[in-house]
């Protein structure tokens, strides 16, 4: 049986699987060690016929065993790659994972820039969004309100700035998008000038 081209494209964009979820966000483990999405990139999960959209943050690589830290193994190796060649079992002992902040969802073939009615399911596949999807979703900047209120270990200034840089790069006119995003942030952070200034500096506005 022939495999449809769109299925193959979806399979190639699948990068991780949800291991912990709440309404506001989720954690996902990557299928390939160190193959982590960039900070602030836009990803999605399926929820039936709809999709949940999110922004990546807090990526990490650690031991699969809770409480057990990896030990140094490269004293007698020339390169980092040699460490893994000499210790092939490391691929089975380590994991790369990341946290994601939910910034909206789709329903009835429309994007909604507020939280979905329920969390994404455990073991849901995580996909990288295409540039076209990113541009279409970001026609409204209301998702920045959700992002600004997200509670993560990462400073919100860093996450917001990285997100705007990533999304802006998908637009035909990145500078124009960044300027509009800066104006939206000025509305959100009316009482926090220092945080707004930090973000704008990172966006070079």
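Only the coordinates and a few stated rules stand behind these numbers; no lab work does. Here the structure is a predicted model, which means the values were calculated and not measured. Backbone-built Cβ (ideal geometry, glycine too); neighbour counts: all protein chains shown.
Key figures for this structure:
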read-out	value
Using alpha-carbon coordinates, inclination of helix 174-188 to the longest axis of the chain, degrees	70
Fewest-first sequence of 178, 198 by Cβ atoms within 10 Å of each Cβ	198, 178
Ranked list, fewest to most other Cβ atoms within 10 Å of each Cβ, for 18, 172, 83	172, 83, 18
Column: log10 I(q)/I(0), Debye, Cα scatterers of segment 5-202, q = 0.19 Å⁻¹	-1.30
Order of 105, 171 under a 10 Å beta carbon neighbour criterion, fewest first	171, 105
Nitroxide proxy distance, nm - points 7 Å out along Cα→Cβ at residue 154 and residue 191	2.6
Extension reserve of the residue 58-residue 85 stretch, reckoned as 0.36 nm per residue once the Cα distance is removed	7.0 nm
Length added when fully stretched, residue 173-residue 140, from 0.36 nm per residue minus Cα-Cα	10.3 nm
Degrees, to the nearest 10: 193-202 long Cα axis against longest axis of the chain	60
Stretch gain in nm, segment residue 95-residue 19, where the contour uses 0.36 nm per residue and the Cα spacing is subtracted	26.2 nm
Ranked by how many other beta carbons lie within 10 Å on average, peptides 109-120, 126-137 from highest	126-137, 109-120
Average Cα contact separation per residue, the chain, under 8 Å, 6 or more apart, as relative contact order %	25
Solution diffusion estimate, µm²/s, Stokes-Einstein, segment 129-194, Kirkwood Rh from C-alpha pairs, 4 °C, viscosity 1.567 mPa s	105
